[in-house]
Amino acid sequence: MLSMTDAEAIALALQEAKEAAIRGEVPVGAVLLGPDGALLAQDGNRIVEYRDPTAHAEMLVLRKGAAALGNERLTGAQLFVSLEPCAMCAGAMSLARVARLVFVAQDPKGGAVISGPRFFEQATCHHRPVIARAGDAAAAGEMLKEFFRARR
């Protein structure tokens, strides 16, 4: 399998976010790369479609990645997300032992990585991924603002 660059993975996560918005979902997309940099999974939010409050993009790709590897531990995997993950998704990443998290836009209201509870800084967190920011945060944030503006 071919490995993806960070820029390619971020672009794919942003495309998944756009597709989620078209489906009427909050525009968040995620991409999971294996330890070798190969694409394991990609998806966008499907909370409304699945009628499942846990169907966040991150949760969906973690599930698909675990199935693809045949292991609940995603040691060495890298997760790319268009928006700062919430506490649920951060907890799942920790339990899955994701090695690296890269996200585009900060989420001051619902984020749990550099906002809010700062999940990975808690003493009760057993595994902490390397955290990085990449991509055009302003553009990703504008996609979210436009989505919510259209619904008001």
### Query
So what is the relative contact order for segment 1-78, in percent, with contacts set as C-alpha pairs under 8 Å and at least six apart?
27
#### Entry: Considering only segment 36-152, percent of DSSP beta bridges that pair antiparallel, nearest 5
10
### Query
How big is the Kirkwood radius of the chain, worked out from every pair of different alpha carbons and given in Å to one decimal?
15.1
### Query
Quick one: if you stick a label point 7 Å off each Cα along the C-beta vector at Ala132 and Ala38, how many nm between them?
2.1
### Message
Show me the ranking of peptides 88-94, 132-138, 6-12, 56-62 by mean Cβ neighbours inside 10 Å, starting with the highest.
### Response
56-62, 88-94, 6-12, 132-138
### Task
Would you calculate the separation in nanometres between label points at Arg97 and Arg149, each defined as 7 Å from the Cα along the Cα-to-beta-carbon direction?
4.5
### Summary
Computed ³J(HN,Hα) along segment 51-56: with the Karplus parameters 6.51/-1.76/1.60, θ = phi - 60°, integer Hz and x for glycine or proline, the list is 6, 9, x, 9, 7, 6
### Task
Determine the sum of side-chain charges near Thr75: Lys and Arg each +1, Asp and Glu each -1, restricted to other residues whose C-beta is under 14 angstrom from that of Thr75.
+2
### Message
Give me the extension gain from Lys64 to Glu19: residue separation times 0.36 nm, minus the current Cα-Cα distance, reported in nm with one decimal.
### Response
14.4 nm
### Query
What lysines could a cross-link reach from Lys109, if we take a straight Cα to Cα line under 26 Å and drop same-chain neighbours fewer than 8 places away?
Lys18, Lys145
### Query
Relative contact order for the chain using alpha-carbon pairs under 8 Å, separation at least 6, rounded to a whole percent?
20
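The numbers here are math on the coordinates, done by the rules we state, and not lab data. Remember, predicted model here, so these are calculated numbers, not experimental data. Neighbour counts are summed over all protein chains in view; Cβ atoms, including those assigned to glycine, are modelled from backbone coordinates with ideal geometry.
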